[in-house]
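What follows is a set of notes on a single structure, which appears directly below.
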């Protein structure tokens, strides 16, 4: 059976391609930082993680189809809008997860595959459950983002206990909470109407801005542990990482000073996403180019 173009686009929407590509990129970066070279293994781990992330995102949309139907921002998603049946979304998600696990198993063995499974279980089991119970679900949920670079690192020959990997994973953990909370600032009322716990109920807007600023600053500072941990080879990369961190802190100051009608929350949301991409790009280029050591 040949699928129509609109059906293909609907299934692609289930996968949240930008998030999935970011996960794949971070896995490839983890491989590069560990192996210090490019190879087919890097592409394989990126593909495996990409499929796992696509499957996890699709499964999440199946799990939260009732919540998505209550929010204007998510009402048009494939499942609540009726473009894809729930059973079809579930089969699609499980197929992607299975294929991703198979690729990781064949490429890196059982340890790499189990790391991928742990990420899926944590995201679709723990985080998705906690999201309905506590406004702080983003904090434990952020652990999911630290797994893809660890998968790449192990496949590249590195050890899970390596302190250098810890600095990388810590950064990926730290940036995700403000990423979610900045999105919340623009759609908090929808979360509340859908019955989800919201930080906007627990904190006033000024208090929430301070929480976001503190966590954003912590995410910026966490980047500096990476060169301190011995991951970076080129001193210019270290300077670039420091500059990017200062830039993000200044973006956080704008959030701190913003008024309720200010559009800086959306700009800050985009900024922190650009920030994590720039950090991954700098670290990848550092290992590809090398140069003057720190």
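The values are calculated or read from the model by the stated rules, or taken from the named source; none is laboratory data. A quick note: this is a predicted structure, and the numbers were derived from the prediction, not measured. With ideal geometry, Cβ positions are generated from the backbone for all residues, glycine too; neighbour counts draw on all protein chains shown.
Of the residues that sit in region 138-179 and are in contact with a helix residue (DSSP H, G or I) (Cβ under 9 Å, 6 or more places away or on another chain) and outside any helix (DSSP H, G or I), which one is surrounded by the most Cβ atoms within 10 Å (Cβ to Cβ)?
156
Determine whether residue 135 is out of contact with any strand residue (DSSP E or B) (no Cβ under 7 Å at 6 or more places or on another chain), part of a loop (DSSP other than H, G, I, E, B) and buried (at least 19 other Cβ atoms within 10 Å of the Cβ).
In short, yes.
Just the residues that are within 25 Å of the chain's Cα centre (by Cα), modelled with pLDDT under 95 and surrounded by fewer than 17 Cβ atoms within 10 Å (Cβ to Cβ), please, taken from region 74-89.
Correct list: 75, 76.
Mind checking which residues of region 91-116 are at pLDDT 95 or above and crowded, with 18+ Cβ neighbours inside 10 Å?
Answer for region 91-116, where residues must be at pLDDT 95 or above and crowded, with 18+ Cβ neighbours inside 10 Å: 92, 93, 96, 97, 100, 101, 103, 104, 112, 113, 115, 116.
Of all residues in region 41-50, which are without any contact (Cβ under 8 Å) to a residue 60 or more places away in the chain and more than 14 Å from the chain's Cα centre (by Cα)? Show your work before the answer.
Start the filter on region 41-50 by keeping residues that are without any contact (Cβ under 8 Å) to a residue 60 or more places away in the chain, which leaves 43, 47, 50.
The answer is 43, 47.
Going through region 118-132 one residue at a time, which ones are buried (at least 17 other Cβ atoms within 10 Å of the Cβ) and part of a helix (DSSP H, G or I)?
Matches in region 118-132: 119, 120, 122, 123, 124, 127, 128, 130.
Quick one: count up the residues across region 219-256 that are assigned to a helix (DSSP H, G or I) and in contact (Cβ under 8 Å) with a residue 24 or more places away in the chain.
Selection size over region 219-256: 26.
For residue 208, are the conditions met, namely being in a loop (DSSP other than H, G, I, E, B) and modelled with pLDDT under 85?
Considered against the rule, which asks whether it is in a loop (DSSP other than H, G, I, E, B) and modelled with pLDDT under 85, residue 208 comes out as no.
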